[in-house]
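Only one structure is covered here, and it is reproduced in the block below.
The values are calculated or read from the model by the stated rules, or taken from the named source; none is laboratory data. Quantities reported herein were computed from a predicted structural model and do not represent experimental measurements. Cβ placement follows ideal geometry from the backbone for every residue including glycine, while neighbour counts extend to all protein chains displayed. Heads up: the accessible areas ignore ligands, DNA and RNA and are worked out on the full protein's heavy atoms, side chains in. Shrake-Rupley method; radii C 1.70, N 1.55, O 1.52, S 1.80 Å.
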Amino acid sequence: MDESHSSVDDNDTDWNTDDEIDNFTLLPSSGVIHPCPQANVLSWEVSSSRPSSSNSKVLDQFIGMGFSKKMVEKAIEEHGEENTEAVLETLLTYSALESSPHEQLQMDSDLFSSDDESFFDDFSDEDITSPASEEENLLMSLITMGYQKEEATTAIERCGPSSSLVELTDFLSAAQLVKEEDLDALFSLEETPRLEHVHTHDPKKKRKVTVSDILKRKRQRGHICTDDETLRLPNPMIGFGIPTGACQSRRILPNAAIGPPYFYYENVALAPKGVWETISRSLYDVPPEFVDSKHFCCAARKRGYVHNLPIANRFPLTPLPPQTIHEAFPLTKEWWPSWDIRTKLNCIVTCYSSAKLSERMLKLLQGCDGIPPERVQRAIMHECRKWNLLWVGKNKVAPLEPGEVEILMGFPKDHTRGVSRTDRYKSIGNAFQVHTVAYHFSVLRDKFPNGINVLSLFSGIGGAEVALHSLGIRMKNVVSVEISEVNRDIVQCWWEQTEQTGKLIHLADVKELDSERLKQFIHSFGGFDLVVGGSPCNNLTGSNRYHRDGLEGKESSLFFHYCRILDLVKSIMAGLL
């Protein structure tokens, strides 16, 4: 088992990560973001066709962060305007020295080197936002960063005044990177979308059917409405209810969504504009249920779920998982500084920080006399939130271990053991949060007392299967479709370890699941009771700054295969009635 290296030291960037934790600092709209070839984390620099204006923008950037003009000019002179990482970290050093004039910060020469894999900035999140004039403070912060007042106001209006600065800049970045789509053009057969074609099986002849064909057919059958109203993310993000709060007991489903099988689709909540509207329209116009898993465990995970499951009489898995960081990791209490006010972890992502980052932070804090200056605190807290670092000693932080992440996500300890450390983080980071999904699935236990037949698309490491098993729902037959051999092996191992009595069938590619294969399964099993899946979020997530192409992206366009397969299942099963 290869556990000798961190994913931040790998050369191959994995964009299949989550949305609400922006792993990379955002620049004003005039900036251009560039990859850092030395590491699997991005650093940034401002580029402009006119160096003089670039210099002014870099200067304004740091002055807007609260540093004095004289201090910024000195740091730029020392490192050059292109090396913004070194400039920022030098400014933090200056600030610490000014705050503690009788104490010299003793650091190694490479402590703030420009080629390091991570950098500090002064972004703060919702935990430290002042309640007084919150919306005004956010608006001023965004304007200072270079955004126009109108677009900043729009971002606050859509995301909510209690949103973090990271979420707002993530929204603004998405708006800049993703062009607003014309929905009429998207649904028109005259337009050929830049989406991968999907194949359907015809015994007489084979033909290619575009995604537009699928949406056009749904629209003609009345499965899609033409209302272009923008979906708003709720705040708080609790969907139809959570175990500790009031729950909604009724909803009205569109006629096309009623009837077998039950379906359940999941993806990141903070997707580019228009994505959830398209997902909803593609799935019989069922509105998404947006839920943040921080209401189920001690880690945030903002997700949207489109499903036709009942919502009355839901119940949670018991015992409830730890709700705070200290409940989950009690040994950290002794070392937790008073200025780290986190009670919840940010979203679990697919990579982890290196030991070198922990060493740099340790040296920085050791160089401070007592409580570190505010700017140093902000820099440390940014890294802690970004990587979900825990305090494991005096001034010492460390990333979560894979086994700890498994438990936070609701999986059994060592669920992914036996594969490389990098693969473990990647697989768990892309999985369902089991307690959240199990709460939604709980309504199925009384409906299928003798067991359930499941078609699991994009199965990953089996989050849906683990949730059903945890609820005591027997799985008679599971057709699991998953491209990763590593993940298929993990699910197979879990199936055997838990002594499942049903039949598990593995398929590798959703593209190859056609009507003939589905007919075989349906005639053999008598039909599927649940079609569940969460297609790749690669082109939807906020941390993908280069290929955030929405549902037109290479990976995320696989969503339309979920729609295609669900349509086929419903059609075949309807023909058997």
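Quick look at the numbers
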{"quantity": "Residue within the range 447-466 that is out of contact with any Ser or Thr (no Cβ under 8 Å at 6 or more places or on another chain), under 23 Å from ILE348 (Cβ atoms) and hydroxyl-bearing (Ser, Thr, Tyr) present", "calculated": "no"}
{"quantity": "Residue check for ARG251: at pLDDT 95 or above and open to solvent by 10 Å² or more (accessible area, probe 1.4 Å)", "calculated": "no"}
{"quantity": "Residue in the range 456-466 that is under 24 Å from LEU317 (Cα atoms) and touching a Leu at 6+ places or on another chain (Cβ under 6 Å) present", "calculated": "no"}
{"quantity": "Some residue of the range 512-520 being modelled with pLDDT of 95 or more, open to solvent by 70 Å² or more (accessible area, probe 1.4 Å), farther than 26 Å from SER420 by Cβ and part of a loop (DSSP other than H, G, I, E, B)", "calculated": "no"}
{"quantity": "Subset of the range 318-327 [of a type in the set (A, V, I, L, M, F, W, C) and surrounded by 19 or more Cβ atoms within 10 Å (Cβ to Cβ)]", "calculated": "ILE325"}
{"quantity": "Filter pass, THR318 being polar (S, T, N, Q), assigned to a loop (DSSP other than H, G, I, E, B), under 20 Å from the mean Cα position of the chain (by Cα) and at pLDDT below 95", "calculated": "no"}
